[in-house]
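Asker: Once you've had a glance at the structure underneath, I'll fire off some questions.
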Amino acid sequence: MIHPVTVRKIKIGEGMPKICVPVVGVTEEEILSEARNAVTFPVDLVEWRGDWFADIAQPEPVKRVLAGLREILGEIPLLFTFRTAGEGGQREIDVSDYEALNGMVIGTGYADMVDVEFFMGQTEKEMISGNGESHDGNGNHRSVPGKTVRNLIDEAHAHDVKVIASNHDFEKTPRKDAIISRLRSMQDAGADIAKIAVMPQNKADVLELLCATEEMYRLYGQIPLITMSMAGDGLISRMCGEVFGSAVTFGSAGKASAPGQIAAGELRNVLNILHDNL
């Protein structure tokens, strides 16, 4: 049974999927301008993609941006994300710097949620098999998060900040069992929300993602899920979350942060149609 997560006045995991809009400006001025624009759309959450920010390595500019975003957003929850290059972001970062940056953001009190890449510091081989995994009672693989991820989850919860554990594959769609295993591992690790985004090579891959979402939600889900198949083929997955069990969908209020995002207003119309007829 899914237990919704309440962030300010938004309850994630209940009712219609919540719409999150990314802010991807390079300068402080661009970021705040995009945020002012974002709040004119029908959005539930705003994500600041810190990896786009030119001064992300400097604490004071980051704090200024966070303070400015908090003022603009009011009661709209703010999600902070530094997406690494390996998972589709704009730049790479050392594991220690990643932990320090997110820890600093958590400590400011301006962000309501942080995105933590679940396999941060692990190689692809470690993600899939061998090191960093355990087995559940049924003999299935479970990925064990590294020290950085465990530290950030603990730090966030100590400051009453919610954690979205995430994993992004911009090349392929893993098999259903692998998707479910990763989502269950995030849940086991203490994340508040589990997220996975994958790239389809064909339409069957989209069905694989949707089947994995439904099975995770129905059989194992305790925390809200965010799942999506990217690009044009995967567009349908951004709209039908309420049917299959995904609690948040990402739309755009200008510049998109990932392939397949559509305008937040159009997305809201589709979500309303599905919700009213379920």
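The values are calculated or read from the model by the stated rules, or taken from the named source; none is laboratory data. Just so you know, these numbers come straight off a predicted model, no measurement behind them. Positions of Cβ are generated from backbone atoms using ideal geometry, with glycine treated the same way; all protein chains shown enter the neighbour counts.
Asker: Starting from residues that are assigned to a loop (DSSP other than H, G, I, E, B) and over 25 Å from residue 153 (Cβ atoms), keep the ones in the range 56-74 and report whichever is farthest from the chain's Cα centre (by Cα).
Answerer: Our first condition is that a residue be assigned to a loop (DSSP other than H, G, I, E, B); within the range 56-74, this holds for 56-58, 74.
Adding the requirement that they be over 25 Å from residue 153 (Cβ atoms) leaves 58, 74.
Numbers: 58: 24, 74: 21 Å.
Here the answer is 58.
Asker: Would you mind stating whether residue 249 is closer than 19 Å to residue 47 by Cβ, crowded, with 23+ Cβ neighbours inside 10 Å and hydroxyl-bearing (Ser, Thr, Tyr)?
Answerer: Numbers: closer than 19 Å to residue 47 by Cβ: yes; crowded, with 23+ Cβ neighbours inside 10 Å: yes; hydroxyl-bearing (Ser, Thr, Tyr): yes.
Yes; evaluated as a whole, the condition is true for this residue.
Asker: Moving on to the next point. Could you tell me whether the range 181-194 includes any residue that is among the charged types (D, E, K, R), out of contact with any helix residue (DSSP H, G or I) (no Cβ under 9 Å at 6 or more places or on another chain) and closer than 20 Å to residue 115 by Cβ?
Answerer: In the first step, residues of the range 181-194 are kept if they are among the charged types (D, E, K, R); the result is 182, 184, 188, 192.
In the following step, the residues that additionally are out of contact with any helix residue (DSSP H, G or I) (no Cβ under 9 Å at 6 or more places or on another chain) were identified as 188.
Subsequent filtering for residues that are closer than 20 Å to residue 115 by Cβ retains 188.
Within the range 181-194 (the criterion being among the charged types (D, E, K, R), out of contact with any helix residue (DSSP H, G or I) (no Cβ under 9 Å at 6 or more places or on another chain) and closer than 20 Å to residue 115 by Cβ), the answer is yes, since at least one residue qualifies.
Asker: Pull up the range 92-143, narrow it to residues that are at pLDDT below 95 and touching an Asp or Glu at 6+ places or on another chain (Cβ under 6 Å), then point me to the one that is nearest to residue 35 (Cα to Cα).
Answerer: Step by step, filter the range 92-143, then rank; the result is 143.
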